[in-house]
Amino acid sequence: MATDLGVVVIGRNEGLRLECCMASLVGAAQKIIYVDSGSTDGSVQMALRLGVEVVELNMTIPFTAARARNEGFACLQRLLPTVRYVQFVDGDCEVVAGWLSQARAFLEAHPEVAVVCGRRRERFPQRSIYNLLCDLEWDTPIGEAKACGGDALMRADAFIAASGFRTDLIAGEEPELCVRLRAAGWKVWRLVEEMTLHDAGMTRFGQWWKRTLRGGHAFAEGAFLHGAAPEQHWLRESRRAWVWGLGIPLATMIASLMLGWFGLVLLLVYPLQVVRLARRGDRSARENWMQAFFLVLGKFPEMLGQLKFLLNRFGAGKTALIEYK
């Protein structure tokens, strides 16, 4: 066990998923911190029974996952002043055996890297289309990367120097932190090794829609913060959401008013885009077509997420979490 490595787990009402997460970590790190955000399923008591240090968030203060991770790291610093590496984990993930030692060894051998992550897989991709979409989404290229997700091992000194996560972000806080780390000269790296097993538990279309809408909100906020050159963080993703989610439907309406039913021919761009994306895929035919269809469909909730951000930022709206579970 590495004496300079700690883990911060965040969760709320994860039940057996959290128990599985904790079981995969006990004995693998010097100190484990669990940050609970108002669970009512006995998660706190279960963590305490396993000897895990628990931080119970004050839920009268607006909650974000970023705030939970920051408070967990602050607790880890107090209890383990010698901490050099911190693994952040979502409570619905099981950490694969051997990952912590492999990731730590990589950071030891590469002093220019601040963040390292591995392969996150969906535990039950066969249970629903939406779970499978998550698994496909996380199959990203290996090597130097621009960003990590919620599961990653980070250098404590780099995390501290960057002032941690932005607590006001309701989503996309990990890529935003990586933007600032890379601007400070650090690198982010993705390894081929298995890292975590995730349990999305998405079985309904509405869950997928909310999750994708949250992604659109994250794109909008990321572009607002770091969309300027040279980073142009999530600027392209935001523009695509507006073009495909709103621009083409508006153009179709205008064309229909001017040309009648013939104007609806513009809508053919959607199935053509599905075909184009499916033919570019490198998975099975079923997975390629399914992913292509939902990538195109997803531009509509992404556009609504963009709109939600603008209304909250410049209107009278109030930023609130967008949860799909």
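Which of rounded, prolate, oblate describes segment 235-314, given a ≥ b ≥ c as roots of the alpha-carbon gyration tensor eigenvalues and a/c under 1.5 marking rounded, otherwise prolate only if a/b is larger than b/c? All intermediate terms of the calculation are to be shown ahead of the outcome.
On the way: a/c = 3.03, a/b = 1.14, b/c = 2.65.
The shape class here is oblate.
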Note to self: Given the -39500 (n - 2.57) contribution per DSSP H run of 4+ residues, what per-residue ellipticity at 222 nm results for the chain, rounded to the nearest 500 deg cm²/dmol?
What the structure shows: -14500 deg cm²/dmol
Checklist line | Hits among aspartates and glutamates - C-alpha to C-alpha of K210 under 15 Å, sequence gap 8 or more where chains match | finding: E302, E323
Note to self: Which of the three applies to segment 179-241, rounded, prolate or oblate, going by the alpha-carbon gyration tensor with a ≥ b ≥ c and a/c under 1.5 meaning rounded?
What the structure shows: oblate
Check: Cα gyration tensor of the chain, axes a ≥ b ≥ c as square roots of the eigenvalues: rounded (a/c below 1.5), prolate (a/b > b/c) or oblate?
Finding: prolate
Notebook entry, point to check: Do you know the relative contact order of segment 141-261, to the nearest whole percent, from alpha carbon pairs under 8 angstrom that are 6+ apart?
Noted result: 24
Next item on the list: For segment 85-145, state which trypsin sites (Lys or Arg not before Pro) are in a DSSP loop and have at most 15 other beta carbons lying within 10 Å of their beta carbon.
Entry: none
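How high is the relative contact order of segment 5-203? Use alpha-carbon pairs under 8 Å, at least six apart in sequence, and give a whole percent.
Reported relative contact order: 26 percent.
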Check: So which aspartates and glutamates pass the test for K187, namely a Cα distance under 19 Å, with those fewer than 8 places away in the same chain ruled out?
Finding: E108, E112, E144, D151, D157, E173, E174, E176, E231
Checklist line | Acute angle (nearest 10 degrees) that the helix 299-314 long axis makes with the longest principal axis of the chain, alpha-carbon atoms | finding: 70
Next item on the list: Pull out the extension gain between M253 and R276, defined as 0.36 nm times the separation in residues minus the alpha carbon to alpha carbon distance; nm, one decimal.
Entry: 5.9 nm
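Net charge near P301, counting Lys/Arg +1 and Asp/Glu -1 over other residues with Cβ under 15 Å of its Cβ? Display every interim value, and only then the final one.
Numbers: positive: R204, K210, R211, R214, R240, K299, K308; negative: E137, E237, E302, E323.
Result for the neighbourhood of P301: +3.
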Next item on the list: With everything on Cα atoms, drop me the angle between helix 269-280 and the longest principal axis of the chain, reported from 0 to 90° to the nearest 10.
Entry: 50
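Each reported figure results from applying straightforward, stated rules to the coordinates on display, with no laboratory input. What you see is a predicted model, and the numbers here were worked out from it, not measured in a lab. All Cβ positions, glycine included, derive from the backbone under ideal geometry; neighbour counts span all protein chains shown.
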